[in-house]
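Read-outs throughout are calculated quantities, based only on the coordinates presented, and are distinct from any laboratory measurement. Quantities reported herein were computed from a predicted structural model and do not represent experimental measurements. Cβ placement follows ideal geometry from the backbone for every residue including glycine, while neighbour counts extend to all protein chains displayed.
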Amino acid sequence: MNTITIIQPDDWHLHLRDKQALATTVPAATRGFGRGIIMPNLNPPITNVRLANDYRKRILAQRPDGSDWQPLMVLYLTDNTSPDEIHAASESGFIYGCKYYPAGATTNSDSGVTDLNKMHAVFEAMQSVGMVLQMHGEVTSNEIDIFDREAVFIERHLKSLVAEYPSLKIVLEHITTQQGADFVIDAGDNVGASITPQHLIYNRNHMLAGGIRPHLFCLPILKRDIHQQALINAATSGSHKVFLGTDSAPHTQGTKESACGCAGCFSHHAAIELYAEVFDKAGALDKLEAFASTNGPDFYGLPYNQSTIELQKQQWKLPESLPFENTQLIPLGAGTTLNWKLAE
Ligand code: DOR
Ligand code: ZN
């Protein structure tokens, strides 16, 4: 098999940043994809419909000519989000979810939610209008080991949340553990998960054994190999509960190669190909289309993209670096060779 054709995929979780960054990130995000769920963790964050509308316009201004890629906007939940804002978001026609960041969990999450128990009216409103809750599923307590934060979040918070709001649509974003995969696959159809390329391709040994590789540092952090394998199994199983979400999150080389480096991996230079590599290695290329192109729209209640993309079996070397914000970033898999390439 030397070519595969699939329905055009979507990216259900990505970071574009703002201002000058958009000139790089928006064209990259349109590469091969029909739509992208745009994370709202700007500084200040996108906390209301007006800010989301303005941000959407700035994004569309950078969309390459002739592209019909669509940014699907997301509101950032804070302790002050009101049910009225949820209703306004639902009526806006361009907002497709609300993101829960536990305060302090990751990049620009300081305005996030401090106590899930205070979100009752907001979650009720989301459940009633069918708005998707996108969860960064980690606890932030200092006493919880960073490698355990997802599993503890599921036990402490997610299980009761799902029980309390039985028809709230919840995406456990960028799952990284066996516990995350098991929880989502066993839950009802209102619960899904996105999976990044880095959590499918790497485990914590890649990041930490034989030297520290800051470009593999992201949150939730890479886990041990058994968790990587559980994610590969979930993604390639054909389960409709899991879908593509790159979490592509650009940071300059300097802010990652630092005494206190930023979390995030940029993957839009080769996103669909990085996934194709994983599916090929698992002997599951026939499952790529469901993961990349149909499970996500089914979960979000959106139509599939009308066009298709073709991947060709062809070796190519990923760039060592890419220009970004007057300096550069180091993309995921920099300098490595892939075996599949998007026909452009
Ligand atoms: O690694 C990450 N980077 N995880 C997140 O949750 C946020 C993201 C970013 O915005 O850089
Ligand atoms: Zn993210």
*Taking amide H positions as placed 1.01 Å from N in the peptide plane, with prolines and chain starts having none, which residues 5 or more places from F324, or on another chain, fall under 5 Å of its amide H?*
L329
*So which DSSP H runs in the chain come out at 18 Å plus along the axis (Cα) with average Kyte-Doolittle of at least -1.0?*
none
*Taking the Cβ of Q134 as the centre, find all other residues whose Cβ is under 10 Å away and add up their charges (Lys, Arg: +1; Asp, Glu: -1).*
+1
*What list of ³J(HN,Hα) couplings, whole Hz, do you get for the range 134-141 from phi and the Karplus terms 6.51, -1.76, 1.60, once you set θ to phi - 60° and write x for glycine and proline?*
9, 10, 7, x, 9, 7, 10, 4
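Is the range 97-190 rounded, prolate or oblate when judged by the Cα gyration tensor, a ≥ b ≥ c being the square roots of its eigenvalues, rounded requiring a/c under 1.5 and prolate requiring a/b larger than b/c?
Oblate.
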*Alpha carbon centroid spacing (whole Å) that separates the range 144-170 from the range 279-344*: 29
*Rounded to the nearest 500 deg cm²/dmol, what is the calculated helix-only ellipticity per residue at 222 nm for the chain, with -39500 (n - 2.57) per DSSP H run of length n ≥ 4?*
-8000 deg cm²/dmol
*Report the charge-dipole magnitude of the chain in Debye, nearest 20, computed about the Cα centre from +1 at each Lys and Arg Cβ and -1 at each Asp and Glu Cβ.*
620
*Figure the gain on full extension for L302 and E143 (residue separation times 0.36 nm, minus the Cα-Cα span) and round it to one decimal in nm.*
53.2 nm
*Which one of N48, T25, P71 has its Cα pushed farthest toward the positive end of the charge dipole of the range 18-88, where Lys and Arg give +1 and Asp and Glu give -1 at the Cβ?*
T25
*Rounded to whole Hz and in sequence order, give me ³J(HN,Hα) for the range 30-45 from the Karplus expression 6.51 cos²θ - 1.76 cosθ + 1.60, θ = phi - 60°, writing x for Gly and Pro.*
7, 5, x, 9, x, 9, x, 7, 9, 5, x, 7, 7, 10, x, x
*When a/c is below 1.5 the answer is rounded, else prolate if a/b is larger than b/c, else oblate, so apply that to the chain with a ≥ b ≥ c taken from the square roots of the Cα gyration tensor eigenvalues.*
rounded
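Within a Cβ distance under 9 Å of F33, other residues only, what is the Lys/Arg minus Asp/Glu net charge?
Details: positive: R31, R35; negative: D10, D11.
After counting each charged neighbour, the total is 0.
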_Between H120 and R58, what is the label-point separation in nm under the 7 Å Cα-to-beta-carbon projection?_
3.7
_Of F243, Q178, I59, which is farthest towards the positive pole of the range 8-309's charge dipole, taken about the Cα centre with +1 and -1 on the beta-carbons of Lys, Arg and Asp, Glu respectively?_
I59
